[in-house]
Amino acid sequence: MRITRYAATMAAVGLVLAGCSSDAGEQAEEAADNTVEVQENVDFEAGTTMAELAEAGSITIGTKYDQPGFGLLNPDGVPEGFDVEVGKLIAAELGIAPEDITWTETVSANREPFIQNGQVDLVVATYTINDARKQLVDFAGPYYVAGQDIMVAKGNPEGITGPQDLAGKNVCSVEGSTPAQNIRDQYPDAQLTLFDVYSKCADALTNGQVDAVTTDNVILTGLVAGNPDGFELVGKPFTEEPYGIGLELGDTEFRNFINDVLEESFENGDWAAAWDRTAGAITGEEAPEPPQVDRY
């Protein structure tokens, strides 16, 4: 067995993420007694992606670097969070230790191209499964279901209580994301400002450049935890966002393998433990019931 310990001091990435390195990081550190059991003498059918990765002894996983609790770069330059831990669980079943994972930053707009071009083997990055994306990549999971929400300045000076109040407001999200597309399609009277990462949206809200930030509630909760005196969550999710693991289109054997790993982690408690020491340590929320894997 090879063992890794969850490094729990949050990274100082931008104005808001610097705040996450204090209270949120201390909470995560308290819950950081983590071990990952790496399978030995694994055996997979020749020619499968599993066999190739196991033989190589390494894997490249795309994740986000600016989302407290899910994927955030720590001061040592290593990402940490719930998505990262899910990636480690999959790698471990391939016989690959955490130190043999190559992490690649994936923002919302480049997740499909990175998979299609072979720059990553997997993407675990708050990645909503939807029909349009299924035309480009395959998904295992879901492993978590989030909901789109809205973050506003502390005290909610604009009086935003839900998406119906976004008309005429300057709302920030990320290019290539499901929440941004939802605002375009369902709330066209909102003025949409787009960046490549959510930390820039948070900075824009702090500086008064935008009136609100919208994305999945778990992402916003992490940002609020990093700056509770500056932000608050409206707290009324208005969509369902099933998070999946992206992989090459048509690799059914690999997708089935990952789904098997996920379901096993749901049953043996590894998934809940990963939540508790990452997103749960920041938000204070217990692990929810795991979702039903969709073996489409």
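Readers should treat all values here as calculations from the given coordinates under stated rules, not as data from a laboratory. Being a predicted model, the structure only gives us computed values, none of them experimental. Every residue, glycine as well, gets a Cβ built from its backbone with ideal geometry; the counts of neighbours run over all protein chains shown.
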Counting pairs of alpha carbon atoms under 8 Å apart in space and at least six apart in sequence, what relative contact order in percent does the chain give? 25
If you take the alpha carbon radius of gyration of segment 148-233 and divide it by 2.2 N^0.38 Å, what ratio comes out, to two decimals? 0.94
Under 5 Å between amide H atoms, partner at least 5 residues away or on a different chain: which partners does THR239 have, H built in plane at 1.01 Å? GLN148
Cα-Cα P(r), segment 54-181, percent of pairs per 10 Å interval: 11, 37, 31, 15, 5, 1
When the Karplus curve 6.51 cos²θ - 1.76 cosθ + 1.60 is applied with θ = phi - 60°, which whole-Hz ³J(HN,Hα) does each residue of segment 101-110 get, with x for Gly and Pro? 8, 9, 9, 10, 5, 10, 8, 4, 6, 10
With contacts defined as alpha carbon pairs under 8 Å and 6 or more residues apart, what's the relative contact order of segment 148-233 in percent? 43
Cβ-Cβ cut-off under 10 Å around GLY176, Lys and Arg +1, Asp and Glu -1: the net charge is -2
What does the charge add up to near ILE150, with Lys and Arg as +1, Asp and Glu as -1, over the other residues with Cβ less than 13 Å from its Cβ? -4
Using a 10 Å cut-off around each Cβ, can you sort GLU241, GLU37, GLU45, GLU253 from fewest to most neighbouring Cβ atoms? GLU45, GLU37, GLU253, GLU241
The residues THR161, THR221, sorted from fewest to most surrounding Cβ atoms within 10 Å, come out as THR161, THR221
Among 86-98, 199-211, what's the highest-first ranking by average C-beta atoms within 10 angstrom per residue? 86-98, 199-211
May I ask for the net charge around LEU220, where only other residues with Cβ less than 15 Å from the Cβ of LEU220 are counted and Lys, Arg are +1 while Asp, Glu are -1? -4
Please give the charge dipole size of the chain, origin at the Cα centre, charges +1 on K and R Cβ atoms and -1 on D and E Cβ atoms. Round to the nearest 20 debye. 980
Based on other C-beta atoms within 10 Å, arrange ASP216, ASP251 from fewest to most. ASP251, ASP216
Based on C-alpha coordinates, I'd like the Rg and Dmax of the chain, in Å. 18.5, 60
